[in-house]
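Some notes on the structure that comes next.
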Amino acid sequence: MRDRKITLLGPEGTNLTLLIIFLVLNFISWLTLFTLSDGLSFDLNNSLFRQIVFTLLAVFLFFAITYISMDQINQYTFPFFGLITILLIFIFATDPKEGVRRWYDLGVIDFQPSEYIKIALVLFISKCFVENYNKVYIGAFSLFSISLVFFQPDLGTTTLLIVITLSMFLVSDIKIRSILFLLLLGGVFFFIFLEFGLINQYQLNRVTNFFETVDFAQSQSRLAISSGGITGQFFEADKINQIFIPVQSTDFIFSAFAYQFGFLGVLLLFGLWIFFFYRVARIILTTNSEFEKFVLAGFSASLIFQIYINISTVIGVIPVTGMPFPLLSLGGSSIIATSVIFGIINRIFIENNVVI
Amino acid sequence: MFFQQKFRLLTTLIGIIFLTLLFNVYNLQTSDREASLVSVNKQTLDTFYIPSPRGEIFDANNNKLVSSSLEPHLFLNLRKINDNNRSQYEQYVKYNFVDLSEDFIDEIFESEDLLIRIANIQNLNFDSRQSLASLEAFEIFDFPVRKYEYNNIASHIVGYLGEPSFEDARDFPLSINPNIVGKSGLERYYQDDLAGIPTEIIFKDDEIEQIIKGTPGKDIFTSLDIKLQTIATESLLQGIELANGIYETKNKVQRGAIVVLDIRTNEVISLVSLPDYNPNNFIDGISRTEFNKLNISGAFINYSIQGQYPPGSVFKVVAYWLAEEENIYPEGLSSRNQRINCKGSLSFGFDDGSQQVYNDWKEDGHGNVDLGSSIKQSCNVYFWDIALKIWRDYEGSTAESILQEYAKNLGFGTATNIDLPYEADGVVADRELFENWAISQPERVRPEGWLGGDLMNLIIGQGAITSTPIQVANAYRTLISGNLSYPYINKNRESQPEESIGVTEDFVNFLLKDLNSVTNEGGTAHASFSILGNEVKDVGGKTGTAQNSGDKNNTSWFVGVDSVSNPRYIIATVVEEGGSGSAIAAPVTRRVIQSLREMEITPVKFGEITE
């Protein structure tokens, strides 16, 4: 462990910018959920109250994760990856909910291991790269865990995991033509799966329907975003007709945000995230640890792609994919997984003595 | 090895992708905005709500009292009805659903609603359903069917359903959309729990765009024993019939109530009120005349918690407790065992110089009586003497209303907070209340205000006091268990901590012994209870006969305790205009006790006339 100059907030400390961005993003989520709900009541059925409880849990996790040094994280990467993979295997023994096996029912909350494979995979690939394992083996292991998610089935997360893997390979010392070869191989496998009926017809229909009909939720959310205008409806005295959008508090929350706070709000949200990624990129370029570089790149890819897919879905440029907006959408699993990512990034920041 | 060069390249690429995304959003929010606002304003998204199945209601032995089931119903999508196809659909409905009245069919087609429910098609076969569904204006949705399994039995507890009135909509805003609300009983008290979340059917113009499934309501598990409830209802009916056969009164006897409480937990085991109604009749709407008939008979009033009656002699236990607790006995006496000689009347003078004569119900008097035997024989003179003592010692001071304080500590004068709506408070009057009334309702009080005579009346449960049957049962339960709490029906109701009233075990034993003497040899209720044979030695109670003003017959009261050796149940019975408590209410209670003790149940027989 490197020498530490200054610490803020506690013995292990925190990067102040990161903490503030994290809190502001959570607060934006509260505000948006507030406009969607009938107000706050202290009852777990109230979506705003739920989100506040999840945020408190997330802040706790953020600080707790910061106490784990990167050396320890490096050390526990393989067991962690192994554990999550085993959990992904055993999920096939659970009862399906609405046709998919994605959750372990823990009573109060549902545990969704596919949220944590995003983290485990990034750590796993980073460590393998640093220790210079054969790239073919790394690819094979990654593909195995990804296929477990694919068969849940969860097409959204599968795509996300593939993108994370590809981006991490891309910034490594692998040759570009190998990646092209891999993509080609992936395409061939996709059609083989298709031929053997391993791809859910429902998921296929979603893609094919996209080019034929207009999805109700998407057309509604386009209207909502559009009627937000530059300044949004939140501060307007005369509100326009309420626009009905299905699942607006989870996957389609960006439409509610853009409707309430307009383009200025969207700029603010983008600004916060861009500033965050800018800070992360600076560390990537300056840190001496290869492990940290790959971890940061992997996490960034994960967050960026989630945001990209979510916004694209909501504005209707791609078919509907159930992908939450990190730290904005209602939902415990997503917030908690994201707070773990922020916690690790925070640790990397302070180990590099960047506290503000 | 991490490649910085490729990383920079990738970052730039991502930056460009996000700029196009942002540009997309910008376009949507600026240049496309006008067009969007127009279509938002044009957009007629409407929602039709179908209620979810309400929670079911069970008794303590898991018998289903109220059930809910989903059955397919035919709905008409009125947005798809136009001048061209209207007569065709009208003919179709008339021809296929012959049970529907002409008026109802006219109503259907004139409705402004989105959808209208035409009929239950549970009994139609698959082909008929298919052929209905093939017509474009017909829709088939599951609609909940509520059934009250025991009809009239326990109708006041479970309540009934109806369309929300203006007041209902204010109290239960969520009931507006599915347009159904609990009108009384548990259906109302637990409306929000029972109702669940309705299914939303979202229309865009005349097409159904989306269906958001609701969630069913929560079940309620009650402490009721439906078997006992049935027997108690029968017993009360028998008592009422008996009273009608014997008395020649102006008014027909038809109202009464029974409350059975579990002494250990204060759970409500039975709660009967007559006359009652069949909640099933309200499901598809009840006719105005039928409703009015029920309303005039008082069927919608739950007399067990809303009927406010002078308690008469059953109230004497309050003074009994006070005497023991405060050592206030008739003048010259200092313990429960010392006696006065009751000559059948009491004459005395008040400080204001007025001379009074009070006559006991028993003209010849009860002879030498102590505290216990005044309960046993329901001697008024003994209690009047206690009232006199209070009046002479404390008139005008704060201790003057010590009897009222004791009554209030047992829950008289305030609602017991049972989990049913519309509970009445009852009244326990004192000087202060009389002064308030003198201003607000001067016709209720004499100009002289609170007098010694009012206290004399109060101590035997007459005059300015009214109480509900549940209050009386709860007061006895409080005295015997030593704890005040609220009675409850829903076993999962958040329970209130029991509040100790500080009675000693000795006191409770004395009380039980004296209540026991009432049903035994020489007691006022012996005639009604002797049929229990040897087991009469283990039960107890107190009779009450409360006088009413005007030409109304007396209110018949009995509070029973089962058993004396192991106090488990309090049974409070009241028959409005039932006359003597020992003659009517006591044998009714006796029949309920026979059921509780799993004995042979014998018909209600007229007892002895006492107070």
Discussion item. Being surrounded by 16 or more Cβ atoms within 10 Å (Cβ to Cβ), over 25 Å from B:ILE501 (Cβ atoms) and under 33 Å from the mean Cα position of the chain (by Cα) is the requirement here; does B:VAL381 meet it?
Written reply: no
Fill in: Residues of segment B:180-204 classified as open to solvent by 20 Å² or more (accessible area, probe 1.4 Å), assigned to a helix (DSSP H, G or I) and in contact with a Lys or Arg (Cβ under 8 Å, 6 or more places away or on another chain), total
2
Worksheet item: Scanning for something among the hydroxyl-bearing types (Ser, Thr, Tyr) and farther than 25 Å from B:GLU331 by Cβ, does segment B:392-413 turn up at least one residue?
Response: no
Fill in: Residue list for segment A:304-337, restricted to those being within 11 Å of chain B (Cβ to nearest Cβ), under 11 Å from the mean Cα position of the chain (by Cα) and among the hydrophobic types (A, V, I, L, M, F, W, C)
A:ILE304, A:PHE305, A:ILE307, A:ILE309
Worksheet item: Which residue pairs have Cβ atoms closer than 8 Å, lie 6 or more positions apart in sequence or on different chains, and pair a first residue in segment B:1-21 that is without any contact (Cβ under 8 Å) to a residue 60 or more places away in the chain with a second residue that is of a type in the set (Ser, Thr, Tyr) and open to solvent by less than 40 Å² (accessible area, probe 1.4 Å)?
Response: B:MET1/A:SER172; B:PHE2/A:SER172; B:PHE3/A:SER172; B:LEU10/A:SER167; B:LEU21/A:SER312
Worksheet item: Would a scan of segment B:541-552 turn up a residue that is of a type in the set (Lys, Arg) and buried (at least 24 other Cβ atoms within 10 Å of the Cβ)?
Response: yes
Discussion item. If the requirement is being closer than 30 Å to B:GLN43 by Cα, open to solvent by 20 Å² or more (accessible area, probe 1.4 Å) and within 14 Å of chain B (Cβ to nearest Cβ), which of these qualifies: A:VAL266, A:VAL247?
Written reply: A:VAL247
Item to complete: All but one of (1) more than 14 Å from chain B (Cβ to nearest Cβ); (2) in a helix (DSSP H, G or I); (3) surrounded by 21 or more Cβ atoms within 10 Å (Cβ to Cβ) hold for A:VAL340, so report the exception by its number.
Response: (3)
Worksheet item: If you go through segment B:504-517 one residue at a time, do you hit one that is touching a residue at least 60 places away in the same chain (Cβ under 8 Å), among the acidic types (Asp, Glu) and open to solvent by less than 50 Å² (accessible area, probe 1.4 Å)?
Response: yes
Item to complete: Would you be able to say whether some residue in segment B:435-458 is open to solvent by 60 Å² or more (accessible area, probe 1.4 Å), within 32 Å of the chain's Cα centre (by Cα), touching a residue at least 24 places away in the same chain (Cβ under 8 Å) and closer than 23 Å to B:SER313 by Cα?
Response: no
Worksheet item: (1) open to solvent by 40 Å² or more (accessible area, probe 1.4 Å); (2) farther than 28 Å from B:TYR190 by Cα: which one isn't true of B:GLY482, the others all being true?
Response: (1)
Discussion item. Which of the helices (runs of 4 or more DSSP H) found entirely inside segment B:30-121 contain at least 2 residues meeting this: within 23 Å of A:PHE216 (Cβ to Cβ) and either open to solvent by 60 Å² or more (accessible area, probe 1.4 Å) or among the hydrophobic types (A, V, I, L, M, F, W, C) (or both)?
Written reply: B:33-42
Practice prompt. Determine if segment A:214-225 includes at least one residue that is at pLDDT below 80 and either among the charged types (D, E, K, R) or open to solvent by 60 Å² or more (accessible area, probe 1.4 Å) (or both).
Written response: yes
Worksheet item: Taking only pairs six or more apart or across chains, which ones have beta-carbon atoms under 7 Å, a first residue in segment B:192-205 that is at negative phi and away from chain A (no Cβ under 13 Å), and a second residue that is part of a strand (DSSP E or B) and β-branched (Val, Ile, Thr)?
Response: B:LEU194/B:ILE220; B:PRO198/B:ILE50; B:THR199/B:ILE50; B:THR199/B:ILE211; B:THR199/B:ILE212
Discussion item. If I ask for residues that are open to solvent by 60 Å² or more (accessible area, probe 1.4 Å), modelled with pLDDT under 85 and closer than 15 Å to A:ALA337 by Cβ, which ones from segment A:57-105 would you list?
Written reply: A:TRP103
Worksheet item: Can you name the residue in segment B:333-372 that is open to solvent by 70 Å² or more (accessible area, probe 1.4 Å) and of a type in the set (Gly, Ala, Ser) and is also farthest from B:GLN471 (Cα to Cα) among such residues?
Response: B:SER347
Fill in: Criterion (surrounded by fewer than 17 Cβ atoms within 10 Å (Cβ to Cβ) and over 30 Å from B:ILE57 (Cβ atoms)) met by exactly one of B:GLU326, B:GLU290
B:GLU326
Worksheet entry | segment B:231-246, residues that are more than 11 Å from B:ILE584 (Cα to Cα) and more than 21 Å from the chain's Cα centre (by Cα) | B:GLY245
Worksheet item: Which of the residues belonging to segment A:106-143 are open to solvent by 80 Å² or more (accessible area, probe 1.4 Å), in a helix (DSSP H, G or I) and either more than 18 Å from A:LEU160 (Cα to Cα) or of a type in the set (Asp, Glu) (or both)?
Response: A:VAL136, A:TYR137
Worksheet item: Is it the case that segment B:5-24 has a residue that's open to solvent by 40 Å² or more (accessible area, probe 1.4 Å), more than 7 Å from chain A (Cβ to nearest Cβ) and assigned to a strand (DSSP E or B)?
Response: no
Worksheet item: Can you name the residue in segment A:157-179 that is away from every other protein chain (no Cβ under 14 Å) and open to solvent by 40 Å² or more (accessible area, probe 1.4 Å) and is also nearest to A:ILE125 (Cα to Cα) among such residues?
Response: A:ILE162
Worksheet item: Would you pick out the residues in segment A:108-132 that are acidic (Asp, Glu) and away from chain B (no Cβ under 14 Å)?
Response: A:ASP110, A:GLU115
Item to complete: Might you check whether a residue that is part of a loop (DSSP other than H, G, I, E, B), open to solvent by 30 Å² or more (accessible area, probe 1.4 Å) and either in contact with an Asp or Glu (Cβ under 8 Å, 6 or more places away or on another chain) or closer than 30 Å to B:GLN356 by Cβ (or both) occurs anywhere in segment B:488-502?
Response: yes
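The values are calculated or read from the model by the stated rules, or taken from the named source; none is laboratory data. This one's a predicted model, so the numbers in the text were calculated from it and none came from an experiment. In this analysis, Cβ positions are derived from the backbone assuming ideal geometry, glycine residues included, and neighbour counts consider all displayed protein chains. For the accessible areas, the whole protein counts, side chains as well, though only heavy atoms, and no ligand, DNA or RNA atoms are used. Shrake-Rupley method; radii C 1.70, N 1.55, O 1.52, S 1.80 Å.
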